[in-house]
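Written below as structure tokens is the structure these notes are about.
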Amino acid sequence: MSKILELENLRKEFVSKSSDQPIVAVDNICLSLEKGKVLGIVGESGSGKSTLARLMLRLVEPTSGKITFDGIDLRNQKPDELRRLRSRMQMIFQDPMSSLDPRMTVRAIIREPLDIHNHENSQSREKLVESFAEKVGIAKSALDKYPHEFSGGQRQRISIARAVINKPDLVIADEPVSALDLSIQAQILNLLKDLRRDLNLSFVFISHDLSVINYFADEVAVMYLGNVVEYASTPELFARPKHPYTQALISAIPQIVADQRTDRLILSGDMPNPANPPTGCHFHPRCPIAVDNCSIQTPKLRSFGQNHQVSCDLVTA
């Protein structure tokens, strides 16, 4: 199966006013996504997930590395060329209220991508708007209302309709359900699954909630302080997590059935300041199995079996 997205040694540094050293938000990440699949990216706040999402679409310019979208090197594209590609790459943001223009009606919001990319004629656009509004559960009678007149879940449905109306090849969803109630989360996740199937979409799905990732993603990359510390297929990751950070995240997932509960692995301290990261393995100050060498040696991703990679020198097969 061909790749819709490939990242090679992708790195992003931000200039810090308080330090001579740059802040490394994303550090030499290599990932790929097959067409029609879902790549989940998980980690704590501050791990670099949202920066990575914006780098994938070149909404933020990388410091170094390569971004290949369906065989096209995005870093070599001129602004006009990149603009033409935008209809094939879309993003769903975490907070729909801040990503929807409050001065526009829902009809205009959903129609805007069609207008920008000159999709067919006006009559055809109106039919598409009504069709996609119906797909996401927004009534035709509500299309002339404004975003503030809807609930959070309904606003996210509007954001989703806007993102998929051009039938893109790739959708990047940045924490699309984290601001919603649990019952609404389930509805939105099921909606995204249906759209993925019906429109043959490829997803990068970002979340701090591993239970959501387990439900929606085919493969998972676990991030910590700008680095991928573990990568595997979803069943493999949840059945055999190898990195201590991944093990701690999985142990924190609430379990309803008593006999399925596992001992909670509680990490000490907070994520370090990215402006002053620890030497060696960035995770070693919080790691329950760290040894002296972990503060000196920087681990690299190593393969364990088929399609399972771990960045920890203490992990054995």
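The values are calculated or read from the model by the stated rules, or taken from the named source; none is laboratory data. None of the values given here were measured: they were computed from a predicted structure. We work out accessible area using only protein heavy atoms, side chains counted, and drop any ligands, DNA or RNA first. Shrake-Rupley method; radii C 1.70, N 1.55, O 1.52, S 1.80 Å.
Give me the mean projected area, in nm² to one decimal, of the convex hull enclosing the Cα positions of region 119-202. Could you put the intermediate results ahead of the total?
Working: hull surface 23.2 nm².
Computed as one quarter of the Cα hull surface, the answer is 5.8 nm².
For the chain, what does the accessible surface come to per residue with a 1.4 Å probe? Please give it in Å².
50
Looking at the chain, the DSSP beta bridges with both ends there are about 60 percent antiparallel.
For region 103-233, calculate the relative contact order in percent as a whole number, restricting contacts to Cα pairs under 8 Å that are 6 or more residues apart. All intermediate terms of the calculation are to be shown ahead of the outcome.
On the way: 130 pairs, mean separation 27.1, N = 131.
For region 103-233, the relative contact order is 21 percent.
With the chain treated as a Gaussian network of Cα nodes joined by springs under 10 Å, which of N121, N214, N28 yields the largest mean-square fluctuation? Residue with maximal mean-square fluctuation among N121, N214, N28: N121. A probe of 1.4 angstrom, applied to the heavy atoms of all protein chains, finds F93 with accessible area near 70 square angstrom. With only the Cα atoms considered, region 127-170 has a convex hull volume of 69 Å³ per residue.
Using a 1.4 Å probe on the protein chains only, how many percent of the accessible area of region 15-109 belongs to carbon and sulfur? Working shown, then result.
Working: 2150 of 4660 Å².
Roughly 46 percent, rounded to a whole number.
Taken as Cα centroids, region 15-92 and region 132-171 sit 25 Å apart, rounded to the nearest whole angstrom.
How fast does the chain diffuse by Stokes-Einstein, in µm²/s, taking the Kirkwood radius from C-alpha pairs at 10 °C and 1.306 mPa s? Don't skip to the end; give the middle numbers.
Details: Rh = 20.9 Å.
Once the numbers are plugged in, D ends up at 76 µm²/s.
Short-range pairs are left out: with C-alpha atoms under 8 Å and at least six residues apart, the relative contact order of region 103-151 is 58 percent.
Here region 170-251 is treated as an ellipsoid with the same Cα gyration tensor; its semi-axes, largest first and in whole Å, are 23, 14, 12.
Histogrammed with a bin width of 10 Å, the alpha carbon distances of region 1-130 distribute as 10, 32, 34, 19, 4, 1 percent, first bin at zero. Computed over region 1-147, relative contact order equals 21 percent, with contacts defined as Cα pairs under 8 Å that lie 6+ residues apart.
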